Amino acid sequence: MTTMSMIKALNEGLRRVLEDQPKSLVMGEDVGRLGGVFRVTDGLQKDFGSDRIIDTPLAESGIIGTAIGLALRGYRPICEIQFDGFVYPAFDQLVSQLAKIPNRSGGRVRLPVVVRIPYGGGIGAIEHHSESPEAYFAHTAGLKVVTCSNPNDAYWMIQQAAAGDDPVIFFEPKRRYHSKDDVDTESAGLDLYRARTLREGRTATLIAYGPTVDVAVNAAAAAAEEGTDLEVIDLRSLSPIDWEPLFASVRKTGRAVVVHEAPGNIGVGAEVAARLSEECFYSLESPVLRVTGYDVPYPASRLEDDYLPNLDRVLDAVDRSLEY
Amino acid sequence: MGDTQRPAKKTAKSRPKPASANEPEFVQLLTPEGQRVQHPDYDITLTDDEYRGLYRDLVITRELDAQGTALQRQGQLGLWPSLLGQEAAQVGSGRALKPQDTVFPAYRELGVQWCRGIDLISSFALFRGTDLGGRDVAADRFNMYAIVIASQTLHAAGYAMGVAMDGAVGNDDGEAVVVYHGDGATSEGDFNEALIWAGVFNSPLVLFCQNNQYAISETNARQFRLPPYRRAEGFGVPGILVDGNDVLATYAVTQAALDRARRGEGPSLVEAYTYRMQPHTTSDDATRYRDEAELDFWRAKDPIVRYRKWLSAEGLADESYFAAVDTEAGEQVRALRARVMALTDPEVTEMFDNVYAEMPPGIAAQRAEAVEFQASLEEGSDVR
């Protein structure tokens, strides 16, 4: 057990991938000499060389498109998109090429490409640096979408994503990058596409992922002080979603609140609410509620505390659920 | 500006004779009249059999393509993008490839596919809608058709990077990668990013632009002010303009570009100046944007007519050879037609089975649901 930040955990996880899998490579803007703008790839080029840690031209479609070509050649690229809001120039290559070529080929081609995207707000950034675009990709068949919420998951999930043969969009909550926690470097513990129950409770279920997991955990701790016993589930995988733990939890608690930073409209929370109502209808004591970013563009950073789901908004939603 | 930049249109109005008048400054080894001409930088020497083989390729490609159009008209294909007029560009470049080279096509490269000796049925299955055009691309060294314009240029650029990283370049036996695209693709961001990539990584890539004068209805004048072969220079990539209706020149120029790539000397762009004689696809109506005079102008530059003239004049082939090729083309067409007609609808499970290497439980459940639902309909029809 070692204590490390999420950045260090990702760095160490990537290091293990590069050591274990000679065909793996890291590519993106500034990932080499600089070590990435967040230093996630710090020192990798020095240790693995510029053929495996590739500083690319500043062109996101090019990064994903050439990663596809490299994968067709037998390589296993791990791409970095520098910020969430910069992924859109690569949209066609992600949703029409990376996601669909394996299916187009009748299963004869597999594209083991991981796309790391630092995402979410809460860091006082300028526009395009705080977005949560996960729903676009979770909506696209052919991609798998995961997000880590803590250093231990970061360390293991990046390795698991790189080990599979399916394309994975790997969202990293940048406001949690510097959070430190224990990392068990010996045992992975949980499969990549499994949800994790972080706290057991009987009153209501909080469902979160990525940056809002911490918010949900804190809300549950505050609620406990007031005698409200909340269960907290970290989805971890957004496509596919590991439904059974959610169904089991909601059948027990009868109430659910989904928390994410992305706008609520047509978002991951909407899918969760729909499936819970389909599968747990007779167990539900109240409608599934969502605490999300508002349905507006991400605001100027001085307003982001009002935009992002926070402890008070989550507890307010729990109250509304209980009062229903 | 605008249409005054169109050499084809401008020349068409003045109806010049011979057809070789007013052509752009391109590499040409065989004039539209079938005269063999010399070029200071490019030449070609093939065996007699190889020269005859190019004619066979041209004719069979044209006939198989025509069958694609016919099958669509008969309701057997949903769509067909004809290559009529572009046979020399495809056969010349296709035959210049070595076995170790890898092709990234767009969606009109039936002639290249033929030259590579790859089963053509995948292209017909795609346009019949029985599958999405999947093949064993690694074994074929010929990738799947790319429908999204220019998307394949980046795949080729990445693949070529990998070839160089594998150390598979550096001598005459090295591997080269060729990506086919049209004039319209040069307006896309992906094409320009591919040039950047190929340039800065010095990749063994040949971008083969079939400038067939049209991106559906839009002419070159709406795609660029500077032709693609000259734009390549701006990326630090050599560009060369070749008569795309001249199979010998296309062969020679592509071979030089491929050899350069395989020796590790980097990427280049070949712009094959040609013409799409048919509408964009069977769904298009070209009469809305071009006239007969323009078609006549290009008919006079037909790639097969000039090559046949030259073969005859050189004594390389006679009428009995041409007749034998026609007979073989007919046989090829009949065999392919029978196979296309025999392509049956896939099982409903097909749409689920290949999306992921590891099928998620949700898709497995939907697959089971679809199978069960279909079975229930069949049971219902039994009852009736």
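If we count every other residue with Cβ under 12 angstrom of residue B:190's Cβ, Lys/Arg +1 and Asp/Glu -1, where does the sum land?
Values: positive: none; negative: A:60, A:92, B:188, B:193.
Spelling it out: positives minus negatives among the neighbours equals -4.
If a/c stays under 1.5 just call it rounded; otherwise compare a/b with b/c (prolate if a/b is bigger, oblate if not). Do that for the protein assembly as shown, with a ≥ b ≥ c from the square roots of the Cα gyration tensor eigenvalues. Spell out each step's value before the answer.
Values: a/c = 2.48, a/b = 1.92, b/c = 1.29.
Prolate shape, in that a/c is at least 1.5 and a/b is the bigger ratio.
Using +1 at the C-beta of Lys and Arg and -1 at the C-beta of Asp and Glu, which of B:298, B:161, B:286 has the Cα lying farthest in the positive direction of the dipole of the protein assembly as shown?
The residue sitting most towards the positive pole is B:298.
Net charge near residue A:65: determine it from the other residues with C-beta under 14 Å of the C-beta of residue A:65, scoring Lys and Arg +1 and Asp and Glu -1. Mind showing how you got there, number by number?
Numbers: positive: A:73, A:100; negative: A:60, A:92, B:188, B:190, B:193.
Local net charge: -3.
Pull up the DSSP beta bridges for segment B:2-342 and report the antiparallel fraction as a percent, rounded to 5.
Working: 3 of 25 bridges.
Of the beta bridges lying entirely in segment B:2-342, close to 10 percent run antiparallel.
For the B and A pair, go ahead and give the buried accessible area with a 1.4 Å probe, both sides summed, in Å² to 100.
Numbers: alone 17610 and 13870 Å², together 28360 Å².
What B and A bury together is about 3100 Å².
Could you tally the net charge around residue A:1, taking each other residue with its Cβ under 12 Å from the Cβ of residue A:1, Lys/Arg +1 and Asp/Glu -1? Please report the intermediate quantities before stating the final value.
Values: positive: none; negative: A:181, A:182, A:184, A:186.
Here the count lands on -4.
Take every DSSP beta bridge whose two residues both sit in chain A, then give the antiparallel share in percent to the nearest 5. Could you put the intermediate results ahead of the total?
On the way: 9 of 44 bridges.
In chain A, DSSP labels about 20 percent of beta bridges as antiparallel.
So in segment A:196-323, what percent of DSSP beta bridges are antiparallel if you round to the nearest 5?
Details: 3 of 17 bridges.
Percent antiparallel among DSSP bridges in segment A:196-323 is about 20.
Send over a whole-number figure in Å² for the accessible area per residue of segment B:320-384, probe 1.4 Å.
Working: 4420 Å² over 65 residues.
Result: 68 Å² per residue.
At 222 nm, what value in deg cm²/dmol follows for the protein assembly as shown if DSSP H runs of at least 4 each add -39500 (n - 2.57) and the sum is divided by all its residues, to the nearest 500? Please report the intermediate quantities before stating the final value.
On the way: 26 runs with 292 residues, N = 708.
After summing the helix terms and dividing by the residues of the protein assembly as shown, the value is -12500 deg cm²/dmol.
Which of the trypsin sites (Lys or Arg not before Pro) across segment B:329-379 are loop residues per DSSP, with 11 or fewer other Cβ within 10 Å?
Values: sites: B:334, B:337, B:339, B:367; in loops: none.
Counting only loop positions with at most 11 other Cβ atoms within 10 Å, none of the trypsin sites (Lys or Arg not before Pro) in segment B:329-379 qualifies.
For the Cα atoms of chain A, what angle does the longest principal axis make with the long axis of helix A:6-20, in degrees from 0 to 90, nearest 10?
It is inclined by approximately 40 degrees.
Calculate the spin-label point distance for residue A:279 paired with residue A:197, positioning each point 7 Å from the Cα along the beta-carbon direction, and give it in nanometres.
1.4 nm
If you place +1 on the Cβ of every Lys and Arg, -1 on the Cβ of every Asp and Glu, and leave all else neutral, what size is the dipole of chain A about its Cα centre, to the nearest 20 Debye? Numbers along the way, then the final one.
Working: 33 positive and 47 negative charges, 221 e Å.
Roughly 1060 debye, rounded to the nearest 20.
Could you tell me which residue out of A:123, B:351, A:317 lies farthest along the dipole of the protein assembly as shown toward its positive end? Charges go on the beta carbon: Lys and Arg +1, Asp and Glu -1, centred on the Cα centre.
Of A:123, B:351, A:317, it is B:351.
For segment A:1-149, what does the accessible surface come to per residue with a 1.4 Å probe? Please give it in Å². Mind showing how you got there, number by number?
Working: 4880 Å² over 149 residues.
Per residue, segment A:1-149 has an accessible area of 33 Å².
For an R0 of 41 angstrom, estimate the FRET efficiency from the Cβ-Cβ distance between residue A:23 and residue B:43 and round to the nearest 0.05. Walk me through the numbers on the way to the answer.
Working: r = 41 Å, r/R0 = 1.01.
Calculated value: 0.50.
Shape of segment B:2-342 from its Cα gyration tensor (a ≥ b ≥ c, root eigenvalues): rounded if a/c is under 1.5, otherwise prolate when a/b > b/c, or oblate? Walk me through the numbers before you get to the answer.
Values: a/c = 1.20, a/b = 1.10, b/c = 1.09.
Rounded, since a/c falls under 1.5.
So if we plug the beta-carbon distance of residue B:36 and residue A:46 into 1/(1 + (r/R0)^6) with R0 = 56 Å, what FRET efficiency do we get, rounded to 0.05?
Details: r = 58 Å, r/R0 = 1.04.
Between residue B:36 and residue A:46 the formula returns 0.45.
I need to check one value: relative contact order of segment B:2-342, counting alpha carbon pairs closer than 8 Å and at least 6 residues apart, in percent.
Numbers: 669 pairs, mean separation 88.9, N = 341.
Normalised by residue count, the contact order of segment B:2-342 is 26 percent.
In nm, give the distance between the simple-model label positions of residue A:165 and residue B:74, each being 7 Å from the Cα along the Cα-to-Cβ direction.
3.9 nm
Using 7 Å Cα-to-Cβ label points, what is the residue A:303/residue A:181 separation (nm, one decimal)?
Each label point is offset 7 Å from its Cα along the Cβ direction, giving 3.2 nm.
Structure shown: which of A:8/A:252; A:144/B:98; A:8/A:144; A:23/A:174 lie over 31 Å apart, alpha-carbon to alpha-carbon?
Numbers: A:8/A:252 38 Å; A:144/B:98 38 Å; A:8/A:144 24 Å; A:23/A:174 28 Å.
Long pairs (Cα-Cα over 31 Å): A:8/A:252; A:144/B:98.
Output wanted: per-residue J couplings in Hz (rounded whole) for segment B:176-190, from phi through Karplus 6.51 cos²θ - 1.76 cosθ + 1.60, θ = phi - 60°, x for Gly and Pro.
10, 10, 10, 10, 9, 7, x, 5, x, 4, 5, 7, 6, x, 4
Would you grab the residues whose amide H sits under 5 Å from the one on residue A:99? Only those 5+ places off in sequence or on another chain, please, with H modelled 1.01 Å from N.
The list, which skips near neighbours in sequence, is empty: none.
What's the angle, to the nearest 10 degrees (0 to 90), between helix B:361-383's Cα axis and the longest principal axis of chain B?
Approximately 70 degrees, to the nearest 10.
Can you list the residues, at least 5 places off or on another chain, whose amide H is less than 5 Å from the amide H of residue A:24, using H built in the peptide plane?
A:76
Can you give the Rg to Rh ratio for segment A:196-323, taking only C-alpha atoms and Rh from Kirkwood? List each step's numbers first, then the result.
On the way: Rg = 13.6 Å, Rh = 14.4 Å.
On the Cα set of segment A:196-323, Rg over Rh gives 0.94.
Which far-off residues, 5 or more places away or on another chain, put their amide H under 5 Å from the one on residue A:32, with H placed in the peptide plane?
A:55
Give the distance, in whole Å, between the Cα centre of segment A:54-103 and the Cα centre of segment A:154-233.
With segment A:54-103 and segment A:154-233 each reduced to a Cα centre, they are spaced 27 Å.
Taking only Cα atoms, what is the 0 to 90° angle, nearest 10, from helix A:243-253's long axis to the longest principal axis of chain A?
With rounding to tens, the tilt is 20 degrees.
The values are calculated or read from the model by the stated rules, or taken from the named source; none is laboratory data. Bear in mind that the values here come from a model prediction, so they are computed numbers and not experimental data. Heads up, the Cβs are rebuilt from the backbone with ideal geometry, glycines too, and the neighbour counts pull from every protein chain shown. Ligands, DNA and RNA are excluded from the accessible area calculation, which covers all protein heavy atoms including side chains. Shrake-Rupley method; radii C 1.70, N 1.55, O 1.52, S 1.80 Å.
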